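Right, one structure below, let's go through it.
The values are calculated or read from the model by the stated rules, or taken from the named source; none is laboratory data. What you see is a predicted model, and the numbers here were worked out from it, not measured in a lab. Here the Cβ positions follow ideal geometry from the backbone for every residue, glycine too, while neighbour counts run over all protein chains shown.
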Amino acid sequence: MPILTVNSVPHAYDEVGSGPPLLLIHAGITDRRMWDDVMPALAERYRTIRFDLQGYGDTPLPDGPFCWTADARGVLDVLGVEGAHVIGISVGAGIALDLAIADSARVDRLVLVAPGLPGWEWGDAMNAYSEAESAAVERGDLEEASWVNVRFWLDGSRPPEEVDPRLRQKVYEMQLRAFQVDNEAAELSWLVPNRGERLHEVTAPTLILVGERDQPDFAEMGRQMAERMPNARVEMLPGVAHLPPLEDPDSFLAAALPFLAGED
């Protein structure tokens, strides 16, 4: 397993392909394995880099302050990459956005998949999910807490039987791993805490992708974000929910690759 030491922390990572650099930042219910099915196609065109955020996969959480965005920037620094295309999903999209505002010269083109809008007032569905997850964690049932996340994020607005059971199991295992390595002493920070108010500062061409079967809030958040960013557009992906590269790699690549190549 390749290891990259970033900000004194050993991060598990992979790098394949050649060409313009492309940094992948995974979702908050997965780890770097979520990119497995799209890595080969991306590596045909790009120097494709993926890594485990602290607290996911094979990268632990610290006993104190940490910043995922600083780690993402640190990965580029250690690998000698001045600028890169960046794709982030969910929490990863928040990290990519944070980087694009804090250090715009590092981001060439930006793909935000299922991004959240900071300060968004969530509806009843999100509140019910959060309560169910918290209750399971508090009683020590990390397995049920993981399935709560699978049902809410991966299944989305679909019945579970419409989702490939192998995919559900993979996401369950990645989320369970994150729960198992959780550390209450860790303190997350952002480079741009008020990034929701600074969307107009994102200068990189930006594609926002939202799955039509994702939770309803995400379509509206994507639309509002695109309106506030000077060089952004939003596109709906049919038949998928929160994790398009896992759910339908071909449709994800069909949307992302032309954009990354500047064919927009």
Check: Got a number for residues in the stretch 94-109 being more than 12 Å from the chain's Cα centre (by Cα) and among the hydrophobic types (A, V, I, L, M, F, W, C)?
Finding: 6
Next item on the list: Determine the pairs where a residue that is in the same structural domain as MET229 (by TED's automatic domain parsing), located within the stretch 184-200, has a partner that is among the hydroxyl-bearing types (Ser, Thr, Tyr) and crowded, with 16+ Cβ neighbours inside 10 Å with Cβ atoms under 9 Å apart, the partner being 6 or more residues away or on another chain.
Entry: SER189/THR69; TRP190/THR69; LEU191/THR69; VAL192/THR69
Check: What is the one condition in (1) in contact with a helix residue (DSSP H, G or I) (Cβ under 6 Å, 6 or more places away or on another chain); (2) basic (Lys, Arg); (3) free of Cβ contacts under 8 Å to residues at least 40 places away in the same chain that ARG109 does not satisfy?
Finding: (3)
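Would you check if VAL75 is β-branched (Val, Ile, Thr), in a strand (DSSP E or B), assigned by TED's automatic domain parsing to the domain that holds GLN224 and in contact (Cβ under 8 Å) with a residue 60 or more places away in the chain? Step through it out loud before you land on a result.
Values: β-branched (Val, Ile, Thr): yes; in a strand (DSSP E or B): no; assigned by TED's automatic domain parsing to the domain that holds GLN224: yes; in contact (Cβ under 8 Å) with a residue 60 or more places away in the chain: yes.
It is false that VAL75 is β-branched (Val, Ile, Thr), in a strand (DSSP E or B), assigned by TED's automatic domain parsing to the domain that holds GLN224 and in contact (Cβ under 8 Å) with a residue 60 or more places away in the chain.
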Check: Between a first residue in the stretch 141-161 that is more than 22 Å from GLN180 (Cα to Cα) and a second residue that is assigned to a helix (DSSP H, G or I), which pairs have beta carbons less than 8 Å apart while being 6 or more apart in sequence or on different chains?
Finding: ASP155/GLU162; ASP155/ARG168; PRO160/ARG151; PRO160/ARG168
Notebook entry, point to check: Is there any pair with a first residue in the stretch 215-231 that is of a type in the set (Lys, Arg) and a second that is surrounded by fewer than 17 Cβ atoms within 10 Å (Cβ to Cβ) and part of a helix (DSSP H, G or I) whose Cβ atoms are under 7 Å apart and which are 6 or more apart or on different chains, and what are they?
Noted result: ARG228/HIS200
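Report, by residue number, each residue of the stretch 201-248 that is of a type in the set (S, T, N, Q) and within 30 Å of LYS170 (Cβ to Cβ). Spell out how you get there, then give the answer.
Our first condition is that a residue be of a type in the set (S, T, N, Q); within the stretch 201-248, this holds for 203, 206, 215, 224, 231.
Correct list: THR206, GLN215.
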Item checked: Lone qualifier among GLY19, GLY88, GLY80 - being assigned to a strand (DSSP E or B), farther than 19 Å from ALA186 by Cα, of a type in the set (Gly, Ala, Ser) and modelled with pLDDT of 95 or more -> GLY88
Checklist line | Answer from PHE51, PHE66 - the residue that is surrounded by fewer than 21 Cβ atoms within 10 Å (Cβ to Cβ), within 30 Å of GLU197 (Cα to Cα), touching a residue at least 40 places away in the same chain (Cβ under 8 Å) and aromatic (Phe, Trp, Tyr) | finding: PHE66
Next item on the list: Return yes when PRO115 is in the same structural domain as ARG33 (by TED's automatic domain parsing), at pLDDT below 95, of a type outside the set (Gly, Ala, Ser) and within 26 Å of PHE66 (Cα to Cα) and no when it is not.
Entry: no
